[in-house]
Amino acid sequence: MITYAFRRLGHALLVLWATFTATFFLLYVLPGDAALSKAGVGGDGATLSPAELARVRADLGLDQPVVGQYATALLHALRGDFGTSTQTGAPALSMYVEAVPETLKLAGAALLLGLVAGTGWALLAAWTRWRLLRQALLALPAVGVSIPTFWIGLLLIQVVSFRWQLLPAIGNDGVRSLVLPALVLAVPTAAMSAQILSRSLEATLHAPYVETARARGASRSRVLLRHALRNSVLPVVTALGMTAGHLVGGSVIMETVFSRSGVGAITVRAVNVQDTPVVLVAVVFAAVVFVGVNLLVDLLYPVIDPRIQLRTARRTGLLRAGVAT
Amino acid sequence: MSLTEQVLPRLEPVPPVDPSTAGARADGDGGADVRPRPPRRTRPTLARLARQPGLLLAWTVLALVALAAAVPELFTDHDPLRPVGPRLTAPDSEFLFGTDNLGRDLFTRVVYGTAESVQAVVVAVLVGLVVGSLLGLLAGYLGGWVDDVLMRVVDVLLAVPALLISLAFITALGFGTVNIAIAVGIGNVASFARVMRAEVLRIRGSAFVEAATFAGIGRLRLLARHILPHTAGPVLVLATLELGLALLSVSALSFLGFGAPPPAPEWGSLVAGGRDYLAAAWWMASIPGFVIAATVLSANRIARSVNRHQVSAF
């Protein structure tokens, strides 16, 4: 157990290091010049003399060779220093972390909503006997993952906020402003978990033990809820890491559509002005979320499903989660 | 990536289908006819399409989109960049999709924006296909430390949500439709690499590869002539699946404002342009968004049917 946990932790750290490295080199070989863009932002378009430019470069460490810059950046990053934002001059990490709670509210609400709706939907489809309705229920989640979320968001704003004047269209105040974005962000999550759960339920409902339960006279709802559901839910749990990743990505779009503040809004603004330290933080943070959730899920497997021994958990769990193939 | 993840497991266990049963299934089983049917592999596709109105509709939508991308003049006489009518006219018989805040015909702008969006999608899928397949091929064929290193790269690509990978690339490359396309393509590399690697591993162990090796064929030739063709099926099916997803990502990035600069029409940026007029002109954001949704749905519907008929198609 302990060795397993340590090995997983090692792998997680490796992925994080690689993410940092890849993103660093991607962002620092870019054609733009960080010194110029910083000078442009700070100096209100005024041109700098070469000497001043050189000083800005030295301040930012841009006169060092790339490998040296990388080593310094990595050491600093390990201490939680990702450099300062080129737009505001504030430390990139704290600027980003300050915005996390707002996004966490949004993503958390969407995750909860999505999982509940997705599970309910899959159960409803499995429960339905009328073939036509059942097929419609099974087909709809495929539509849910095909519709652009920004479009659903704008439609809802038009109808719910403008026509019915029920909920605020934009902003961050309170629970009322959270309803619409969380609802929209939950759509892909719900659709995805409904699809995964439907497929897994399909397999479980044909298992011999379900047949036994039925033969013993258990009602349909009991078979579905007590016997089948618990065994079918594992693939949904496995996909949680991926779901979390989707939510981080999706919140970028939702925060733009609903003009909310949060890490998504910060990321978009950073990309707009080539604020590389902040972009670096955003990418690494997303990787931390994904890796962290996966690590948690992997370690929780034996608790959720006692049949899984840790040795097999490594194989099946990771393969399905798509972490180590 | 979501759809891919879900459909991928279905790629592997497709059993070799007996042509006769395949024919029976396509005929819509449950007929009184119990005589063994002669294998009819070349049954007319159109007849099969007619029985699936959804699929037919999907093909029609994609055909229209392709046509609009190739010859936009066919659909409209207006200029996409010039005002042709009063501002903010609701959709009517003259302006099918209404006009925007500058009096430009929205239908014309959507039609002319098609080429840009379709191009971006094709480039994105191609980038993912080529780069991903190459990584998967090398990893699966060479094995050892190459495999280890390449798969760690894939781990990284999987660990970061595709949208953020794209945003990082856009930060590095700058704005523009082509850059969006490349950025989305890089985000898709991981799934192609994984499918390709699995296929190569599967085929590398088969007897005919062993025979070819013993016949003294060079490694490169073995790879190109004997292994690569056998991996085409699943990888191409994945490519069809990625088309719809790529359009979603491309239009999302263009919606965020990282695409072509303002006057040029592009599906995602048209939706973004309508955002400021949500209360005054519902059509400006809704209709281009609907076009995107319809196209993605069609592409996904077709991809699913291709996936299902994979065995008979390849």
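The values are calculated or read from the model by the stated rules, or taken from the named source; none is laboratory data. All of these numbers come straight from a predicted model, not from anything done at the bench. Positions of Cβ are backbone-derived with ideal geometry, glycine not excepted, and every protein chain shown enters the neighbour counts.
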inquiry  = Which count do you get for residues in region B:86-95 that are surrounded by 15 or more Cβ atoms within 10 Å (Cβ to Cβ) and free of Cβ contacts under 8 Å to residues at least 24 places away in the same chain?
reply    = 2
inquiry  = Quick check on region B:170-187: of everything there that is buried (at least 24 other Cβ atoms within 10 Å of the Cβ) and facing chain A (nearest Cβ under 7 Å), which residue is nearest to A:F25 (Cα to Cα)?
reply    = B:T171
remark   = Within region A:143-153, restricting to residues that are hydrophobic (A, V, I, L, M, F, W, C) and crowded, with 18+ Cβ neighbours inside 10 Å, the one that is farthest from the other protein chains (Cβ to nearest Cβ) is A:I152
inquiry  = For A:G217, only one of the following conditions fails: (1) more than 10 Å from chain B (Cβ to nearest Cβ); (2) within 30 Å of A:V268 (Cβ to Cβ); (3) not β-branched (V, I, T). What is its number?
reply    = (2)
request  = Sort out which residues of region A:281-297 are touching a residue at least 60 places away in the same chain (Cβ under 8 Å) and either facing chain B (nearest Cβ under 9 Å) or over 10 Å from A:G241 (Cα atoms) (or both), and write them in order of number.
outcome  = A:V281, A:A282, A:V283, A:V284, A:F285, A:A287, A:V288, A:V291, A:N294
key: Matching residues, region B:149-183, being of a type in the set (G, A, S) and touching a helix residue (DSSP H, G or I) at 6+ places or on another chain (Cβ under 6 Å)   = B:A159, B:A162, B:S166, B:A168, B:A172, B:A181, B:A183
Number of the condition not met by A:L296 [criteria: (1) assigned to a helix (DSSP H, G or I); (2) at positive phi] = (2)
request  = Sort out which residues of region B:188-206 are farther than 18 Å from B:L126 by Cβ, away from chain A (no Cβ under 12 Å) and either surrounded by fewer than 19 Cβ atoms within 10 Å (Cβ to Cβ) or among the hydrophobic types (A, V, I, L, M, F, W, C) (or both), and write them in order of number.
outcome  = B:V200, B:R202, B:I203, B:R204, B:G205, B:S206
query = So how many residues does region B:224-250 have that are buried (at least 19 other Cβ atoms within 10 Å of the Cβ), among the hydrophobic types (A, V, I, L, M, F, W, C) and touching a residue at least 60 places away in the same chain (Cβ under 8 Å)?
reply = 11
query = Can you tell me which residue in region B:96-142 is farthest from B:A281 (Cα to Cα), limited to those that are surrounded by fewer than 23 Cβ atoms within 10 Å (Cβ to Cβ) and among the polar types (S, T, N, Q)?
reply = B:Q119
ask   = Does B:T108 qualify as being in a loop (DSSP other than H, G, I, E, B), among the hydroxyl-bearing types (S, T, Y), more than 9 Å from chain A (Cβ to nearest Cβ) and more than 30 Å from B:H226 (Cβ to Cβ)?
value = no
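Tally time: how many residues in region A:117-148 are closer than 17 Å to A:L180 by Cα and either touching a residue at least 60 places away in the same chain (Cβ under 8 Å) or in contact with an Asp or Glu (Cβ under 7 Å, 6 or more places away or on another chain) (or both)? First the steps, then the outcome.
Here is the first cut: in region A:117-148, the residues closer than 17 Å to A:L180 by Cα are A:117, A:144, A:147-148.
Those left that are additionally either touching a residue at least 60 places away in the same chain (Cβ under 8 Å) or in contact with an Asp or Glu (Cβ under 7 Å, 6 or more places away or on another chain) (or both): A:117.
So the count comes out to 1.
I'd like the residue in region A:244-280 that is among the hydrophobic types (A, V, I, L, M, F, W, C) and without any contact (Cβ under 8 Å) to a residue 40 or more places away in the chain and, out of all such residues, is farthest from A:I147 (Cα to Cα).
So in region A:244-280, the residues among the hydrophobic types (A, V, I, L, M, F, W, C) come out as A:244, A:247-248, A:252-254, A:257-258, A:263, A:265-266, A:268, A:270-271, A:273, A:278-280.
From what is left, the residues that are without any contact (Cβ under 8 Å) to a residue 40 or more places away in the chain are A:252, A:268, A:271.
Numbers: A:V252: 16, A:V268: 22, A:V271: 25 Å.
Across region A:244-280, the extreme among qualifying residues is A:V271.
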query = Restricting region A:245-276 to residues that are more than 7 Å from every other protein chain (Cβ to nearest Cβ) and of a type in the set (S, T, N, Q), which is surrounded by the most Cβ atoms within 10 Å (Cβ to Cβ)?
reply = A:S251
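Residues of region B:256-280 being of a type in the set (A, V, I, L, M), farther than 17 Å from A:T149 by Cβ and under 21 Å from the mean Cα position of the chain (by Cα), which ones? Even if it seems obvious, please write down each step before you answer.
First, the residues of region B:256-280 that are of a type in the set (A, V, I, L, M): B:256, B:260, B:264, B:270-272, B:278-280.
Next, from what is left, pick out any that are farther than 17 Å from A:T149 by Cβ: B:260, B:264, B:279-280.
Across region B:256-280, the qualifying residue is only B:A260.
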ask   = Restricting attention to region B:139-166, which residues are facing chain A (nearest Cβ under 7 Å), in contact (Cβ under 8 Å) with a residue 40 or more places away in the chain and within 21 Å of B:S251 (Cβ to Cβ)?
value = B:A162, B:L163
Test: residue in region A:28-49 that is surrounded by 14 or more Cβ atoms within 10 Å (Cβ to Cβ), under 32 Å from the mean Cα position of the chain (by Cα) and modelled with pLDDT of 70 or more = yes
key: Residues of region B:111-122 that turn out to be among the aliphatic types (A, V, I, L, M) and under 13 Å from B:G244 (Cα atoms), as a count   = 4
query = Only one residue in A:L74, A:L156, A:L132 is crowded, with 16+ Cβ neighbours inside 10 Å, among the aliphatic types (A, V, I, L, M) and out of contact with any strand residue (DSSP E or B) (no Cβ under 8 Å at 6 or more places or on another chain), so which one is that?
reply = A:L156
task = With a cut-off of at least 3 residues that are more than 13 Å from chain A (Cβ to nearest Cβ) and not aromatic (F, W, Y), name the helices (runs of 4 or more DSSP H) lying wholly within region B:207-314.
result = B:207-214, B:228-255, B:310-313
Residues of region A:211-230 classified as closer than 19 Å to A:P306 by Cα, free of Cβ contacts under 8 Å to residues at least 40 places away in the same chain and surrounded by fewer than 18 Cβ atoms within 10 Å (Cβ to Cβ), total = 2
query = modelled with pLDDT of 90 or more, within 20 Å of the chain's Cα centre (by Cα) and within 13 Å of chain B (Cβ to nearest Cβ) - does that describe any residue in region A:111-133?
reply = yes
